[in-house]
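Notes follow once the structure below has been shown.
The values are calculated or read from the model by the stated rules, or taken from the named source; none is laboratory data. The structure presented is a predicted model; accordingly, all values stated were derived computationally and were not measured. Note: ideal-geometry Cβ built from the backbone for every residue, glycine included; neighbour counts use all protein chains shown.
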C-alpha cells in the first residue's frame, strides 16, 4: 500500500540491487482525489484498486473502513436522476461513495457496499452544473482487484397518461440504467370487463401498474408473466405504467396487451364436465393467456386433472373464494370436499398452443361389512350367514368378499372369494359354512371409474355343534 503525499527517497547507488528486486507496479492514475478521472455521461469504464493507496486527508467513509481507493468526477447536464452501477471482479469487495465538490471542499452524499455477488446499483438526484466525485474503494478486509463502473443519466420518467397503446398491444423494453419506465394510455369504458396481459421474456420480471384516469390511484398491479381481468368503475383514459425493478440491471423486454374479456377469462367461466375431455387453445403472448373453468362436487371426492399439450401451460386449482389450492404442469390430483371450484389453464412465458383437458372425480366411499347385522355371529351346523357390505354414498359396483376358516395347527386358511354386485350401496352374500369351526370374512368395495374403492373391514362367525360329554 502507498501513502499519498509522503516523500519517499530511493537510493540507486547499487543498480544491480535494484535490478534484482524487480520493478514495482505503478499505482492507478486516479489514485489521488486531485487526479480524479473525469467522466462524460453516460460513462462505462473499467478501473482497478491494485497498488492504490489512500490520501493523507482521505475522508472516512460512512459505511465502512477502506484500505485503498480511486476517484472519478462528473457533472450532470441537467437536474434529474443519475444511476451508478459497479461490478467487482475477483475477490474485490468494494465500497462506493459520492461527494459534492465545491472548490477544495467535498460533502458526502451517499455510501454503499457491493453485495455478495460484487455488484452495486444506486441512484441519486443530481443538480445541473454541480460537480460530483465518486470514490471506489476496497474494503479494509478485501483483496484489491479490477471493477467496471457505469454512471448513467436514465431517460426521464415517463409522463402520464402516456403514448396511446396500439390496438394490438405494445412490445418494448425497460431497464433500470437507461430506460426505467414506459407509460401507455388506453381508453376503457366503465362496467366493461377487460383483460390485461403482461409477458416479460427470458424469465426476467417487469412490473405494470394500471392507474385510474388522470394518473390517479393504482387499480391493478401485474408482475412478471401475469394476466388479469379488470372492470373499471369509471370510464376514461387509463394509464399502464411499465417499470423495471429497482434491484435489476437487466434489460427487460415485455409484451403488453389490453382488450375485452371473453367468457373463458373470468367467472363464472366455462363448465368443466366430469370425465369428458374439453379442447382449448391459448395464445399467451397475445390476449388469451388464461382459460377459466368451473365445476362442483356434491360428495367428498378424489379429483384428477390431466392436461395434454405440447406448450408450456400449467394448471391452477382454486377455491370459489379464489384461494390457490394447487399448481401443476400437466397432471394434478387432490382430495376435495363438497363445494364449488375453479380450474385455470395458464400459458407461461407467452406460450402458445392447443390443449386437451380432462377432469375425473371419484366419490370417496366408505364401506362397512356386517354378518347377520353385526360384527360377529354364531350359527348351527348347516345354517347360513348373511354377509352385507354397506357402501356410502349409495353407489353401484362390485364388492369382493374373502372368506377364511381357522385351523388350530395352520392358522387362518383361504376358503373362497366372492364378488357380489353392489346396488344402491349394498352388496349381499348368503354364505353357508360347509363345516363347523371358526370363520371370518373381509370385505372391500372395488370401486368404479367414478367411485373410489374402500375397505369394509372384517367380521367373524362360528359354526358350533352342541357340546357333548
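Values as computed for the structure displayed
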| read-out | value |
| --- | --- |
| Residues satisfying the stated conditions in the stretch 123-149, i.e. buried (at least 19 other Cβ atoms within 10 Å of the Cβ) and within 22 Å of residue 179 (Cβ to Cβ) | 126, 149 |
| Within the stretch 69-159, strands (runs of 3 or more DSSP E) holding 1 or more residues that are at pLDDT below 95 and out of contact with any strand residue (DSSP E or B) (no Cβ under 7 Å at 6 or more places or on another chain) | 94-102, 105-113 |
| Only listed residue being within 24 Å of residue 285 (Cα to Cα), surrounded by 15 or more Cβ atoms within 10 Å (Cβ to Cβ) and touching a helix residue (DSSP H, G or I) at 6+ places or on another chain (Cβ under 8 Å), chosen from 312, 352 | 312 |
| Top-ranked residue in the stretch 170-193 [being buried (at least 20 other Cβ atoms within 10 Å of the Cβ) and not in a strand (DSSP E or B); ranked as farthest from the chain's Cα centre (by Cα)] | 177 |
| Residues of the stretch 373-395 satisfying the condition of being in a strand (DSSP E or B) and either in contact with a helix residue (DSSP H, G or I) (Cβ under 9 Å, 6 or more places away or on another chain) or surrounded by fewer than 12 Cβ atoms within 10 Å (Cβ to Cβ) (or both) | 374 |
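Conditions tested, residue by residue: (1) on the phi > 0 side of the Ramachandran plot; (2) part of a loop (DSSP other than H, G, I, E, B); (3) within 21 Å of the chain's Cα centre (by Cα).
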{"site": "222", "(1), (2), (3)": "no, no, yes"}
{"site": "227", "(1), (2), (3)": "no, no, yes"}
{"site": "239", "(1), (2), (3)": "no, no, no"}
{"site": "242", "(1), (2), (3)": "no, no, yes"}
{"site": "246", "(1), (2), (3)": "no, yes, yes"}
{"site": "253", "(1), (2), (3)": "no, no, yes"}
{"site": "285", "(1), (2), (3)": "no, yes, yes"}
{"site": "302", "(1), (2), (3)": "no, no, no"}
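This table checks each residue for (1) modelled with pLDDT of 95 or more; (2) over 30 Å from residue 446 (Cα atoms).
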position: 277; (1), (2): yes, no
position: 288; (1), (2): no, yes
position: 302; (1), (2): yes, no
position: 309; (1), (2): yes, yes
position: 323; (1), (2): yes, yes
position: 342; (1), (2): yes, no
position: 371; (1), (2): yes, no
